[in-house]
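Heads up: the structure comes next, in structure tokens.
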Amino acid sequence: MIPAIKYVHSLTIIALTSASALAVPAQAQDEAIKHDAQYYILQAQNAEQWAEDDAAVDALLSAFRETNEGKPPNIVSILIDDLGFGDMGIPELNAVRGIDTPNINAFSDEAMRMVRMYTEPSCTPTRVAQMTGRLPVRMGMGDTTVDIAGFGLPGSEVTLAEVLKQAGYATSHVGKWHMGDIAESWAMNQGFDYAQHAVHQQGQLTIFNDDAIREQVSVGIQDFEQDYVVDNWFRPDASHMATVIEGEANGPIREIRMDAGERWDAEKYDEMNEEFQLKTLAELERLAEGDAPFFLQYWPMIPLDNTRTGRDGPESVNGGLYADKLQLLDQYLGALFDRMDDLGVANNTIVVLMGDNGHFTKYSPQSGFTPMIYRGGKGDTTEGGVRVDAFIRWPGIIEADSMINNIIHVSDLYTTLSRIAGADEFIPRDRLVDGVDQSAAILFEDESKTRRDHVIIYSVASPKAIVKDQLKLNLPGAGESAILANFFDIFRDTHEKYPVSTEVGAWGGQEFQRILGRHMARKELYPDTEPARGRPYDGIENLRPETVAAVEAFLTKQASIQQ
């Protein structure tokens, strides 16, 4: 194996508590981060330049700390659900769709656009990749669940919050989480000092709710002939599932804003979203008052909102369900950015604003959103499913109103933000980390300094496509030749309609298959594992009686396998 360059930082690492130090393997500071095979191929060709880039990044970060009381920057992560490429930051594209988002557009003018940001095809795997720096398939988290499932992100994964916490950061998470319904997987047990988040996602909260059922957003949950029903557990009752939980690390966890017997509806959904916004502002103020650098995640649940019932707030010319709520979210984010200015933290805070995957195309007519630039949406491995708007702002450091066009995967944020925070020594060395350090490319606005030139796109647990440079291969089935598979030139064909298979396949088919082959061989050295499993909602101290009954029904279904 080609030896990896070991980063040598001139930055002063904030002292650790003995308790947090125990969370990182003893070898973490003495070994290089282990990456996938393609990283070492690039390293073999660029090692000298990478060493120079590392030194330049060190110098820049050290200079910043000298102006910031010796501290690294604060970090705010805003991850928005189900937006297609072009929905944020381009007023002209807003105009042709009839949407007005002045605050997001103003933010984009202050930030760098990461033009080729790739995510995973749906929300859970993208969030897992950002939090762990690893492809979600590596721990069996490549799928998205809607209701009670009994599994989630393993506690053995080392999240970005845990990495930053060991470097002295205060950590807080508000909004969506969606990485499991077992206690082990929840944010307050995955490195966040405080968390308030939904246990599940909008499938439960805005598609299955009583108002959505009445509006026929969901069919067959209540509009059926009860006399013919034998299996009363077949249809989910969203009001019986746990909704929003709150707690501190190592403290009690409680469900909030739901009483026994209460029904979930559109009004409750709107209340939840407003409360997430208010809590984010409150957490920002609390964290800004502290002495430690902070990591604040705000993962809103809107613009997803599937009902007309009780709707208020800004109305767009578009009039779509999600389009209107995007304008509300724009107001929310404008208030957040203004509060950062008022608190005097904007200039020493990195803000990442991005989508988590493409449009929820199943709801395109109602939502007012359809793919504009790329084909497909949520759940697809076409570019429309995995290409998103993504911005990063750091005033005075990252060039305003700039962009880079090198490939970045959402997992790269894990490694890059850890590096900028002076915390990358706490990234675990006993497993593969897919995220690579893109700090040089971002900080110096130089695409040639990238450390990634490809991405392997998975659907759940199966690799479906490979992008390298501007070429994309839709992987052939078992026994089929890659020479005959469909290749696309993404620069020329954003909708992946016109294969250039003949021109590329003769030389590229085998090369792309070798990329996949090396990736799979590396997985043999570092095998994929399973998600954590357990009793749903265990650890919530005030479960409602109907929720307890729903869990018992789920466990009975699980036990049926062993009968």
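The values are calculated or read from the model by the stated rules, or taken from the named source; none is laboratory data. Only a predicted model underlies this, so the values are computations on that prediction, with no experimental measurement involved. With ideal geometry, Cβ positions are generated from the backbone for all residues, glycine too; neighbour counts draw on all protein chains shown. Heads up: the accessible areas ignore ligands, DNA and RNA and are worked out on the full protein's heavy atoms, side chains in. Shrake-Rupley method; radii C 1.70, N 1.55, O 1.52, S 1.80 Å.
Determine the sum of side-chain charges near D434: Lys and Arg each +1, Asp and Glu each -1, restricted to other residues whose C-beta is under 9 angstrom from that of D434.
Computed value for this residue: 0.
P(r) tail for segment 408-451, what percent of Cα pairs lie past 17 Å?
For segment 408-451, the share of Cα pairs beyond 17 Å comes to 28 percent.
Below 13 angstrom from the Cβ of F360, what's the summed charge of the other residues (Lys, Arg +1; Asp, Glu -1)?
Summing Lys and Arg as +1 and Asp and Glu as -1 gives -3.
Just order 220-226, 402-408, 157-163, 327-333 by mean Cβ neighbour count inside 10 Å, highest at the front, would you?
Top of the packing list down: 157-163, 327-333, 402-408, 220-226.
In square angstrom, what is the accessible area per residue of segment 141-255 with a 1.4 angstrom probe?
Ligands and nucleic acids excluded, the figure is 34 Å² per residue.
Please state the shape class of segment 213-313: rounded when a/c is under 1.5, otherwise prolate if a/b exceeds b/c and oblate if not, all from the C-alpha gyration tensor.
Prolate, because a/c is 1.5 or more and a/b exceeds b/c.
Tell me whether the chain comes out rounded, prolate or oblate; compute the Cα gyration tensor, take square roots of the eigenvalues as a ≥ b ≥ c, and use a/c under 1.5 as the rounded threshold.
Judged from the Cα gyration tensor, the chain comes out rounded (a/c under 1.5).
Output the relative contact order of the chain, whole-number percent, from Cα pairs under 8 angstrom with separation of 6+ residues.
Rounded, it is 25 percent for the chain.
With only Lys, Arg, Asp and Glu charged, each at its Cβ (+1 for the first two, -1 for the last two), find how big the charge dipole of segment 344-479 is about the Cα centre; round to the nearest 20 debye.
520
How would you rank 411-418, 112-119, 423-430, 307-314, highest first, on the average number of other Cβ atoms within 10 Å across their residues?
Ranked by mean Cβ neighbours within 10 Å, highest first: 411-418, 112-119, 423-430, 307-314.
Kindly rank 484-495, 183-194 from highest to lowest mean number of other beta carbons found within 10 Å of each residue.
183-194, 484-495
State the percentage of accessible surface on the chain attributable to carbon and sulfur atoms; use a 1.4 Å probe and exclude ligands, DNA and RNA.
51
Would you be so kind as to identify which of S185, M139, S122 lies farthest towards the positive end of the dipole of segment 114-207, taking Lys and Arg as +1 and Asp and Glu as -1 on Cβ and the Cα centre as origin?
With unit charges placed on the Cβ atoms, the residue in question is S122.
7 Å from Cα along Cα→Cβ at both T502 and K362: what's the point-to-point distance in nm?
Result for the modelled spin labels: 4.0 nm.
PRE reach from E285 (point 7 Å along Cα→Cβ): which of segment 343-359 fall under 13 Å by backbone N?
Within reach of a label on E285: 343.
Taking 30 Å as the cut-off for C-alpha to C-alpha distance, list the pairs among K176/K468; K523/K557; K378/K523; K165/K362; K34/K362; K325/K497 that go past it.
K176/K468; K523/K557; K165/K362; K34/K362; K325/K497
Find the accessible area per residue for segment 314-388; the probe is 1.4 Å, ligands and nucleic acids are left out, and the unit is Å².
Computed with neighbouring chains in place, this is 33 Å² per residue.
Find the centroid of the Cα atoms in segment 258-276 and in segment 361-419, then give the distance between the two in whole Å.
30
In terms of modelled amide H atoms, which long-range or inter-chain residues lie less than 5 Å from the amide H of I253?
E541
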